[in-house]
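Inspection log for the structure reproduced underneath, given as structure tokens.
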Amino acid sequence: METEKLNFAADRDRAKDFLTNFSDENGEPKYLNLLQDVANRKIRAVQIDLDDLSTYKGLEEGFWERVVGNTRRYVGIFAEAVDELMPEPTEAVLADEDRDILMTQRVDETSDSADPTADPHQKMPSEIKRFFEVYIKAMTKNSPLTIRQVKASNIGQLVKISGIITRCSDVKPLMQVAVYTCEECGFEIYQEVTARVFMPLVECPSTRCRINKVKGNLILQQRASKFLKFQEAKIQELAEHVPKGHIPRSLTVHFRGELTRKVTPGDVVELSGIFLPIPYSGFRAMRAGLVADTYLEAMSVTHYKKKYSEYELKGDEQDQIERLAEDGDIYNKLARSLAPEIFGHEDVKKALLLLLVGAPHRKLSDGMKIRGDLHICLMGDPGVAKSQLLKHIINVAPRGVYTTGRGSSGVGLTAAVQRDPITNEMVLEGGALVLSDMGICAIDEFDKMDESDRTSIHEVMEQQTVSIAKAGITTSLNARTAVLAAANPAWGRYDMRRTPAENINLPPALLSRFDLLWLILDRADMDTDLEMARHVVYVHKTLESPSLGFTPLEPSVLRAYISAARRVMPCIPRELEEYIATAYASIRQDEARSNAPHSYTTIRTLLSILRISIALARLRFSETVAQSDVDEALRLMQMSKYSLYSDDRQRAGLDAISDIYSILRDEAARTNRLDVRYAHALNLISRKGYSEAQLKECLEEYASLNVWQIHPNTFDIRFIDP
């Protein structure tokens, strides 16, 4: 016993030496400054880094290995060292009145009655005096273990694991020190609680009650006791760590004090903590016998992907983003950096980039909300890399959930009512759409979902909430998520003999909610197929994409750029309002004139144009939307149906040159003028999916036929025959 006390005192002195003398890179006393902030009540957590312990020269060899091997003991040692080193506050502190009054009263009482023979229950435990918590953080250079690599040999040790949080309990108070008052002698009795359950004291153990031979009745004092914030969570193995043929394992994690509310279901995290056994209690103990459960007492939490709102740009990232923002071609570079291994799909990637950026949510004065998230549906033939694009977007997005249509029920997407194993109450468990709140929900095989399950998505896509009325629970959950869906046409492949409406086979109520419905058809084309085959063979051989003419941006850089762009709140200037209204009206007219509608144009389409334009302005870090942004939004909407339009033109016997001529002729007839400005002509044909090179070819061909004259400098068009 004496040896144990000596060892404890020696280790405490070493801990004090480390806390006093350790300096950071700037030569500042790192931990003394930290303790001063604790004394001033700015922070409540004292985190000891094992990286600092391993590099500190003043400690004896093997000290930090002992800390890793018996972490629970050394948390107590460091806490006592902090107690002795705690400085006086240098600033006026915001005191907790109840606690401070009780502490002042207790200190006076204990100083008056310092009896060495007193019962240990009457001695005030150091835990009740502390207003801070001590955590020991694992070394950063060690790679995290998977849950199935944590074995019995790790019991009591500090381990670092990675995984995904699947469920979290509410934060509840956990008793740390129970305080009783004796009805007979009036003494305060203290009982330290170290486990989840404890047996309350019934009889007073004080010397006075023992001498008087009285069984003093103890009353638990709730306000005088010390409680700690407590939260329980489940962490599950990541899919890539699960061996073939196995199911993912999970582990219970206990968060205490300042570590609570750090994780939410769906977060991919790296946790360091103490791996400990816990015996079953209650009826489960009778069934379990000698078997004990294990849990991880968390010491630190690191998120793999931070939310956009929590993203703090480092110095080099800030400079890199400023350099990228000055690049005139940043829109194309960012889009081509998304899944560079996938050939082509430039416009699809641009749309997916805008999905990541999004537009700000609008809240009107009367409380009505207009969503800012973009919803995109990729519909196309098998083998056009739809699923790979979805997986890559989930990888880039800081918060994303991937699910498939057949494997998802309506309850699995929205919310399910389950019985909580701890409290035995009915609780709501969030589904995929709720888990991806403020993120992206990717739904593959969208067309194979049951109709009843698909209707649960309608409310999420426009109102961005999930309303529940089940098992006596009536509530509304937030689901501010961008939906990215991938689907095949009705007959597996797109059937050219049928109308687009028959092929798409989704109800108009759902189609109108998608900002962009992208139709990707797999057409036979000798040049394109050759180029694609070469690209696929190159990627298969070298495991990287061919040269793009620039270095593709890493997902981490993309996340940093998008997080900076999302802080910009662009507005639409007054001079563009009429232009956007005219563009929307012309889209409605075009649809009314065409016999087979390729899409359902509603007022939601106008909101989609606004959202896409604002997202484009955000990419430029601009506070106002430019006309070029609106034109690009209209072009993307047109290009999403390009494969259909090109087929219509072939059936109508019109080539690109003739179609451009008919567009310009119709515009001249509509305005009743012989002149058409070149910039206006380019804008008109780009909406229909044509390029500037095709426009110039058309101008030359019809100028040679004396249909119009071209201005030599400005390329403006003047019709000869009125």
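The values are calculated or read from the model by the stated rules, or taken from the named source; none is laboratory data. Worth saying up front: this structure is predicted, and the values here are computed from it rather than measured. Methodologically, a virtual Cβ is constructed for each residue, glycine included, from the backbone with ideal geometry; neighbour enumeration extends over all protein chains shown. When the accessible area is computed, the model is the full protein with side chains, heavy atoms only, and any ligands, DNA or RNA have been set aside. Shrake-Rupley method; radii C 1.70, N 1.55, O 1.52, S 1.80 Å.
Given 0.36 nm per residue, what is the gain on full extension from GLN318 to THR455 after removing their alpha carbon distance, in nm?
Working: separation 137, 0.36 × 137 = 49.32 nm, distance 4.31 nm.
Using 0.36 nm per residue and subtracting the Cα-Cα distance, I get 45.0 nm.
If R0 is 22 Å, what FRET efficiency do you get for SER153 and ASP293 from their C-beta distance, rounded to 0.05? Can you show the working numbers first?
Numbers: r = 18 Å, r/R0 = 0.80.
Result of the calculation: an efficiency of 0.80.
Where in the stretch 41-80 is the amide nitrogen less than 17 Å from a point lying 7 Å along the Cα-to-Cβ axis of ASN7?
Counting only backbone N, you get 60-78.
Rounded, prolate or oblate: pick one for the stretch 516-606, where a ≥ b ≥ c are the square roots of the eigenvalues of its C-alpha gyration tensor, a/c under 1.5 means rounded, and failing that, prolate if a/b is larger than b/c, else oblate. Don't skip to the end; give the middle numbers.
Values: a/c = 3.44, a/b = 1.37, b/c = 2.51.
Taking the square roots of the gyration eigenvalues as a ≥ b ≥ c, the stretch 516-606 is oblate.
Which stretch or stretches of the stretch 67-86 have amide N atoms under 18 Å from the point lying 7 Å from ASN21's Cα along the Cα→Cβ direction?
78, 81-82, 85
Calculate the spin-label point distance for ARG593 paired with MET496, positioning each point 7 Å from the Cα along the beta-carbon direction, and give it in nanometres.
2.5 nm
Given R₀ = 25 Å, FRET efficiency for GLU326-ALA679 by Cβ-Cβ distance, to 0.05? Intermediate results must be reported in sequence, preceding the final value.
Details: r = 25 Å, r/R0 = 1.01.
So, using R0 = 25 Å, E works out to roughly 0.50.
Sum up the charges of everything whose Cβ sits under 13 Å from the Cβ of ALA482, counting Lys and Arg as +1 and Asp and Glu as -1, but leave ALA482 out.
Details: positive: ARG371, ARG399, ARG480, ARG513, ARG566, ARG611; negative: ASP373, ASP437, GLU462, ASP515.
Here the charged neighbours net out to +2.
Once label points are set 7 Å from the Cα along Cα→Cβ at both ILE370 and ARG574, what is their separation, rounded to one decimal in nm?
Computed distance between label sites ILE370 and ARG574 equals 1.8 nm.
Among the aspartates and glutamates, which have Cα under 17 Å from the Cα of LYS137 when same-chain residues fewer than 8 positions away are ignored?
Correct list for LYS137: ASP24, ASP49, ASP51, ASP52, GLU65, GLU258, GLU270, GLU297.
If you roll a 1.4 angstrom probe over the protein chains with everything in place, what fraction of the accessible area of the chain belongs to carbon and sulfur, to the nearest %?
On the way: 19640 of 37980 Å².
Exposed carbon and sulfur together represent 52 percent of the surface.
Using a cut-off of 14 Å between beta-carbons, work out the net charge of the residues near SER162 (Lys and Arg +1, Asp and Glu -1, SER162 not included).
Numbers: positive: ARG148, LYS160, ARG249, LYS305; negative: GLU237, GLU240, ASP267, GLU270.
Neighbourhood net charge equals 0.
At a Cα cut-off below 27 Å, give the lysines reachable from LYS123, other chains included and same-chain residues fewer than 8 away excluded.
Straight-distance partners of LYS123: LYS5, LYS16, LYS213, LYS215, LYS226, LYS229.
With a sphere of radius 12 Å drawn around the Cβ of GLU184, what net charge do the other residues whose Cβ falls strictly inside it have (Lys, Arg +1; Asp, Glu -1)? Working shown, then result.
On the way: positive: ARG208, ARG210, LYS213, LYS215; negative: GLU183, GLU203.
Net charge around GLU184: +2.
Compute the acute angle (0 to 90°) between the alpha-carbon long axis of helix 315-326 and the principal axis of greatest extent of the alpha-carbon atoms of the chain; round to the nearest 10°.
10 degrees
Anything over 29 Å Cα to Cα? Flag those among LYS42/LYS363; LYS42/LYS262; LYS234/LYS391, in the order listed. Before the final figure, lay out the partial values.
Details: LYS42/LYS363 35 Å; LYS42/LYS262 18 Å; LYS234/LYS391 25 Å.
Pairs exceeding the cut-off: LYS42/LYS363.
Which of the following values of Cα extents along the principal axes in Å was calculated from the structure shown: [x] 122, 59, 56; [y] 178, 164, 39; [z] 99, 65, 53?
[x]
Would you mind calculating the gained length between ILE710 and THR55 on full extension (0.36 nm times residue separation, minus the Cα-Cα distance), in nm to one decimal?
Values: separation 655, 0.36 × 655 = 235.80 nm, distance 7.61 nm.
Once the chain is fully extended between ILE710 and THR55, it gains 228.2 nm.
Pull up the cross-link candidates among the lysines for LYS696, meaning alpha carbon to alpha carbon under 26 Å and not fewer than 8 places away within one chain.
Filter leaves LYS350, LYS641, LYS688.
Per-residue HN-Hα couplings for the stretch 522-538, Karplus 6.51 cos²θ - 1.76 cosθ + 1.60 at θ = phi - 60°, whole Hz, x for Gly and Pro?
Karplus values, whole Hz, x for Gly and Pro: 8, 9, 7, 8, 4, 5, 5, 5, 4, 4, 5, 4, 4, 4, 5, 5, 5.
Please identify every one of the GluC sites (Glu not before Pro) in the stretch 155-209 that sits in a loop by DSSP and has no more than 16 other beta carbons within 10 Å of its own beta carbon.
Numbers: sites: GLU183, GLU184, GLU188, GLU192, GLU203; in loops: GLU183, GLU184.
Here the sparse-neighbourhood loop sites are GLU183, GLU184.
Could you calculate the FRET efficiency of GLU183 with PHE227 from 1/(1 + (r/R0)^6), where r is the beta carbon distance between them and R0 is 30 Å, rounded to 0.05? Show your work: numbers first, answer last.
Working: r = 23 Å, r/R0 = 0.78.
Computed FRET efficiency for GLU183 and PHE227: 0.80.
What does the extension gain come out to for ASP525 and ALA239, with contour length at 0.36 nm per residue minus their alpha carbon separation?
Working: separation 286, 0.36 × 286 = 102.96 nm, distance 3.84 nm.
The span from ASP525 to ALA239 would gain 99.1 nm if fully extended.
Measure off 7 Å from each Cα along the Cα-to-Cβ vector at ILE219 and THR207, then give the distance between these two points in nanometres to one decimal.
Between ILE219 and THR207, the simple spin-label model gives 2.6 nm.
Hey, can you find the accessible area per residue of the chain for me, probe 1.4 Å, expressed in square angstrom?
Values: 37980 Å² over 722 residues.
Ligands and nucleic acids excluded, the figure is 53 Å² per residue.
Does the stretch 469-573 classify as rounded, prolate or oblate by the C-alpha gyration tensor (a ≥ b ≥ c root eigenvalues; a/c under 1.5 gives rounded; else a/b over b/c gives prolate, otherwise oblate)? All intermediate terms of the calculation are to be shown ahead of the outcome.
On the way: a/c = 2.14, a/b = 1.20, b/c = 1.78.
Since a/c reaches 1.5 but b/c is at least a/b, the shape of the stretch 469-573 is classed as oblate.
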